[in-house]
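The values are calculated or read from the model by the stated rules, or taken from the named source; none is laboratory data. Given the structure is predicted, the values throughout are model-derived calculations rather than measurements. Cβ atoms come from the backbone with ideal geometry, glycine included; neighbour counts cover every protein chain shown.
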Amino acid sequence: MSHEKQTQEFDVVIVGAGLAGLYQLLKLRQLGLTAVIIEKADQVGGTWHWNRYPGARCDIPSLEYSYQFDESLQQEWNWSEKYSAQPEILEYINHVADRFELRDGIKFNEEVIKAEFDEVNSSWKIKTSASNYESRFVIFATGCLSVPNKPDFEGLENFEGQLLQTSTWPQEEQSFSGKRVAIIGTGSSAIQSIPLIAEQADQLYVFQRTPNYSIPSNNGPMDKEREKEVKERYSEFRKDNWQNGFGIAAISDESLISETDINEVHQQLEENWESAGLGFFGGYADIPLDANSNDVAANFVRNKISEIVDDPDTAKILTPDYHIGGKRLCVDTGYFETFNRENVHLINLKENPIKQISSLSLDADKTYEIDTLILATGFDAMTGALTGIDIIGRDGAKLKDQWENGAKSYLGLGIANFPNLFTVTGPGSPSVLSNMVPSIEQHVNWITDCIEWMNANDKKVIESSKTAEDDWMVLVNEIADMTIFTDTKSWYNGSNIEDKAKAFLPFIGVPVYTEMLEQVVAEDYKGFIFDRVN
Ligand code: NA7
């Protein structure tokens, strides 16, 4: 009997069964194509499957952080809270998988290891941990924050207690009661989980390298009146949101801090602090653009931190000194308040870096005896999932090498030298600086329309031109340079990962991006080459 794995053939192989992959499968089936999803996990959900840490929830209101492609779905699904928690989002994704009968198109527990373009047959040969596939197109729906960053702390491998990472949280309930818990990192995942872990743990030690700005979520049960009002004009509501820079229902206010009376500004910021969540950042049009205006908003939050946190030294360590929004803004439930608890201790790693981890302790300014260590250390964002697979395009071009000095993509959808390969919310698209779900839908619709157009126009192979890709990334950076985003170390620009090229990757501005995307289509996919002959 041959041990050679039989190659399974499809029109399209999709990688990842999160919000992007599932919708992509549905759209391709509707087009009459054969498609399969390869999924590493044992179930659907992507980021919402892996990130099960206590307090995990979306920080864009659920009425917005949801699919809009099916009117009955968006009318019939009822969210229980303004910002839904991870279990409810996962339940929603499962509901979508069942409702649209997608499960039989997913290979679970299979990891894509290699994808190589066969120039002779113009097809992709895909090797997974379990099988081989061949397809005309490959679509990476691998998510922007899906590859955990696990720093190389000295002695980590010797730790014998309970070791957890927020981004790969176990499915079984974890108990912290009576335990001495250390958490490393103070990004969004830590900010969401710390208040809940603190309620259970005997002692909680928070190891912070850089403080973050966070706005109170004021989360609560879904306001039924609001829900009704939105559902009565759902498509209009979605369209309106898409007109805002970050694609969310922010306060669509064009006024500028620089041109407004400062007392009025403070009054408005107070209102936004109480109710806007992430929208706080877009509360005035010049917060993302002008350093002085940004400072007014930043100072407002800095003052809030010193008002909330009782101990002035702790408040000082928790207070960021960079532009608000430069690192992704966080939204919390009782984060800063948690530092007033007697069992919560903040350690400033800027002054006292982690020296070593031992079997049941962690050495920084002193030795902390601990039972549990939680890594909330973030992700190899936006590119990690792609460079982690051996992707080989034309003439043996390896994606990992091609992106060594910084990822380049045309529109965040296509990559030069990688024909018939699409990325959903890839680098160079609004992605993480937008509401991810409509951005996913935008890309999936675009990719599906493009394939349909190719079939109708007898085109076999599509790829970005090198020039279009270069020009696009110049534009991405020119826009970023007009904002406050580029002078802060963040995962937006790769600075959270040692050895990663430092390049700003998201496209800032949903409305402009959308217009340009439509223009590319109107000009018969300008910037892409079809059926290239060498
Ligand atoms: P983030 O926002 O990248 O946060 C990771 C945190 O871990 C951040 O505070 C980092 O400090 C810290 N970190 C990373 N490496 C180290 C090392 N080596 N030593 C100490 N501290 C470290 O990831 P999250 O998971 O919290 O959030 C990601 C996004 O998920 C979030 O924005 C939402 O969109 C959902 P640093 O700031 O790099 O100094």
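Output the helices (runs of 4 or more DSSP H) that fall wholly within segment 31-126 and possess 1 or more residues being closer than 22 Å to Leu164 by Cα and hydroxyl-bearing (Ser, Thr, Tyr), or say none. First the steps, then the outcome.
Values: elements: 47-50, 71-76, 86-99.
Once the helices (runs of 4 or more DSSP H) in segment 31-126 are filtered for at least 1 residues that are closer than 22 Å to Leu164 by Cα and hydroxyl-bearing (Ser, Thr, Tyr), what remains is 47-50.
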Exercise. Name the pairs whose Cβ atoms lie under 9 Å apart, with the first residue in segment 163-187 and of a type outside the set (A, V, I, L, M, F, W, C), the second part of a helix (DSSP H, G or I) and surrounded by fewer than 18 Cβ atoms within 10 Å (Cβ to Cβ), and 6 or more positions between them or separate chains?
Worked result: Ser175/Gln200; Ser177/Gln200; Gly178/Gln200; Lys179/Gln200
For this session: Just need a number here: residues in segment 381-404 that are over 13 Å from Val112 (Cα atoms) and in a helix (DSSP H, G or I).
Result: 8
For this session: Could you grab the pairs with beta carbons closer than 7 Å, sequence gap of 6+ or different chains, first residue in segment 210-221 and more than 30 Å from Glu351 (Cβ to Cβ), second one away from the ligand (no atom under 13 Å from the Cβ) and assigned to a strand (DSSP E or B)?
Result: Asn219/Glu81; Gly220/Glu81; Pro221/Glu81
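Can you give me the ranges of the strands (runs of 3 or more DSSP E) entirely in segment 417-534 with at least 1 residues that are acidic (Asp, Glu) and surrounded by 14 or more Cβ atoms within 10 Å (Cβ to Cβ)?
Filter on segment 417-534 gives 462-464.
Here's the yes/no breakdown for (1) within 16 Å of the ligand (Cβ to nearest atom); (2) modelled with pLDDT under 95; (3) of a type in the set (Lys, Arg); (4) over 26 Å from Asp449 (Cβ atoms):
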| residue | (1), (2), (3), (4) |
| --- | --- |
| Lys5 | no, yes, yes, yes |
| Val12 | no, no, no, no |
| Ala17 | no, no, no, no |
| Tyr67 | no, no, no, no |
| Ala85 | yes, no, no, yes |
| Arg99 | no, no, yes, no |
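Could you pull out the residue among Tyr368, Tyr322 that is part of a loop (DSSP other than H, G, I, E, B), out of contact with any Lys or Arg (no Cβ under 6 Å at 6 or more places or on another chain), within 16 Å of the ligand (Cβ to nearest atom) and hydroxyl-bearing (Ser, Thr, Tyr)? Before you say what the answer is, go through the steps one by one.
Working: Tyr368 fails: part of a loop (DSSP other than H, G, I, E, B).
Just one listed residue meets the conditions, Tyr322.
If a residue must be out of contact with any His (no Cβ under 9 Å at 6 or more places or on another chain) and either of a type outside the set (A, V, I, L, M) or at pLDDT below 95 (or both), how many such residues does segment 183-212 contain? Steps first, please.
Step one: of segment 183-212, the residues out of contact with any His (no Cβ under 9 Å at 6 or more places or on another chain) are 183-202, 207-212.
Restricting the remaining residues to those that are either of a type outside the set (A, V, I, L, M) or at pLDDT below 95 (or both) gives 185-189, 192-193, 195, 199-200, 202, 207-212.
Residues in segment 183-212 being out of contact with any His (no Cβ under 9 Å at 6 or more places or on another chain) and either of a type outside the set (A, V, I, L, M) or at pLDDT below 95 (or both): 17 in total.
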For this session: Inspect all residues belonging to segment 216-237 and state whether any of them is buried (at least 23 other Cβ atoms within 10 Å of the Cβ), more than 16 Å from the ligand (Cβ to nearest atom), modelled with pLDDT of 95 or more and not charged (D, E, K, R).
Result: no
